[in-house]
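The values are calculated or read from the model by the stated rules, or taken from the named source; none is laboratory data. On a predicted model such as this, the values are computed, not experimentally measured, just so you know. A quick note on method: Cβ atoms are made from the backbone with ideal geometry, for glycine too, and the neighbour counts reach across all protein chains shown.
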Amino acid sequence: MNSTVKDQTRIAESQSAGGGLAQQRSRQGAQVAGACKEWRWERLIPKRIVIETIYGCNARCHMCPITLPEIRKPEIMPMDKYSALIDALAPYREQVKMLDLFGLGEPLLDPLIFERIRYARGKGFRGLSISTNMHLMDAVKRRAILETGIETVIISIDGIKKETHEAIRPRTNYDRILDNTLGLIRLRNGEGYKTRFVIRFIQQPRNHHEWEPYREFWRQHISKDRNDLVLCYQIHDWTGKVDENVGVNPDRQVLDESLEHVPCHHIFEKLVIQANGSVSLCFEDLYDSPFQFGNVHAMDPIEVFNSPRFNKIRKLHLDGKRKNLEICNGCSVLTNELLRVEG
Ligand SMILES: C[S@@+](CC[C@H](N)C(=O)[O-])C[C@H]1O[C@@H](n2cnc3c(N)ncnc32)[C@H](O)[C@@H]1O
Ligand code: SF4
């Protein structure tokens, strides 16, 4: 057995320790996904919107498609186009519960990120978040992000040891990230800012043994009273595109199979907009984006979300045929939601 397979087997064994996990989780999965079965072709308003304000990154994480051969060119959404998009979405702000300002890229590389957060909040949007690798979160940016009033900052750290984190996330420096993260938490706590932090660990063969000490460490620094979280997600392979580090997880395979006819709630709930304005099927479609349902800089974003082509795919999911789509066949996102662990 090679070491990747051995590692993944150990992950699976530890996750299966409670017994019957696959059956229990697949029942939960069916319940969760069952919610979208109610849909009868009526106009959908997204509950969650992802706007990728920048496509481009300072890091080269092994499990991220940003490391794959370049298909999209690095770019930043111009501010005038971004504000027009927010204005077009503003009438739906009560229905939109979450607004994520990141896609495939590092939001702190976007010089307009703080202005964008303020703009969206000024238009009444709530539930804003960014996810960041923290490498660029210096003292000035720490204050700037908290001053925006953003609700959630997701902090991506993938090890408790410097060598583990840096092996997974090349071009980042663990000591600097640790200082930046502890500094951000101290500033928030000391000055009473409202932002919550989610410290997120993507579990994979290189770091799976570090989850327990990681959870212990970060638990001591976060604040449950402020709704902070430490989260463990399983790595996914972007539908086979970055599979070399994923290996075989038997527990996940069982779950994937038990969910393969379940419609994916993301395509009913989430509007995903690339830095160039093009609408993707989902977050997992951000790398090569075969779908491109329309461009929000030229069309109404809600119309694009409800386009006949998009609806045809929803229907395919509802008919239990999502396996017919290359991107959805073998996608482990629903499974990973069920395997998610909170620290
Ligand atoms: C694509 S990144 C963009 C935001 C930012 N650069 C960061 O790293 O947080 C968003 C999230 O996707 C996660 N991610 C990247 N590749 C992944 C994979 N193969 N499986 C699961 N999560 C992944 C990252 O760890 C990060 O938490
Ligand atoms: S920091 Fe984020 S966007 Fe950049 S390579 Fe890593 S996971 Fe991808």
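In the range 142-149, the count of residues that are touching a Leu at 6+ places or on another chain (Cβ under 7 Å), at pLDDT 95 or above and within 14 Å of ligand 2 (Cβ to nearest atom) is zero. When each of A120, A90, A139, A144 is tested for being of a type in the set (A, V, I, L, M, F, W, C), more than 15 Å from ligand 1 (Cβ to nearest atom) and within 21 Å of the chain's Cα centre (by Cα), the lone residue that passes is A120. Of all residues in the range 284-310, those satisfying the criterion of being part of a helix (DSSP H, G or I) and crowded, with 17+ Cβ neighbours inside 10 Å are E284, D285, P301, I302, V304, F305, F310. Out of V242, V230, V272, which single residue is over 15 Å from L104 (Cβ atoms) and β-branched (V, I, T)? Of the residues listed, the single one that is over 15 Å from L104 (Cβ atoms) and β-branched (V, I, T) is V230. Is there a residue being of a type outside the set (G, A, S), over 27 Å from Y287 (Cβ atoms), in a helix (DSSP H, G or I) and touching a residue at least 24 places away in the same chain (Cβ under 8 Å) anywhere in the range 148-155? Yes, there is a match, as at least one residue in the range 148-155 is of a type outside the set (G, A, S), over 27 Å from Y287 (Cβ atoms), in a helix (DSSP H, G or I) and touching a residue at least 24 places away in the same chain (Cβ under 8 Å). Among the residues of the range 38-55, those that are away from ligand 1 (no atom under 15 Å from the Cβ) and closer than 17 Å to C282 by Cα comprise L44, I45, P46, K47, I49. Annotation: of all residues in the range 319-343 being buried (at least 16 other Cβ atoms within 10 Å of the Cβ) and in a helix (DSSP H, G or I), the one that is farthest from ligand 1 (Cβ to nearest atom) is R322. Residues considered: D100, D80. Of these, the only one that is surrounded by 14 or more Cβ atoms within 10 Å (Cβ to Cβ), closer than 22 Å to R121 by Cα and of a type in the set (D, E) is D100.
Conditions tested, residue by residue: (1) closer than 19 Å to C331 by Cβ; (2) modelled with pLDDT of 95 or more; (3) out of contact with any Cys (no Cβ under 7 Å at 6 or more places or on another chain).
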position	(1), (2), (3)
D256	yes, no, yes
H261	yes, no, yes
H265	yes, no, no
V272	yes, yes, no
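Given the criteria away from ligand 2 (no atom under 15 Å from the Cβ), without any contact (Cβ under 8 Å) to a residue 40 or more places away in the chain and in contact with a helix residue (DSSP H, G or I) (Cβ under 9 Å, 6 or more places away or on another chain), does A139 qualify? Answer is no for this residue.
Yes or no, residue by residue, for (1) farther than 22 Å from D300 by Cα; (2) within 14 Å of ligand 1 (Cβ to nearest atom):
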{"residue": "C57", "(1), (2)": "yes, yes"}
{"residue": "R60", "(1), (2)": "yes, yes"}
{"residue": "P69", "(1), (2)": "yes, no"}
{"residue": "E75", "(1), (2)": "no, no"}
{"residue": "M79", "(1), (2)": "no, no"}
{"residue": "K97", "(1), (2)": "no, no"}
{"residue": "P107", "(1), (2)": "yes, yes"}
{"residue": "L112", "(1), (2)": "yes, no"}
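Here is a yes/no grid of residues against (1) free of Cβ contacts under 8 Å to residues at least 24 places away in the same chain; (2) more than 18 Å from the chain's Cα centre (by Cα); (3) within 16 Å of ligand 2 (Cβ to nearest atom):
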{"site": "I49", "(1), (2), (3)": "no, no, no"}
{"site": "M63", "(1), (2), (3)": "no, no, yes"}
{"site": "T67", "(1), (2), (3)": "no, no, yes"}
{"site": "F102", "(1), (2), (3)": "no, no, yes"}
{"site": "G124", "(1), (2), (3)": "no, yes, no"}
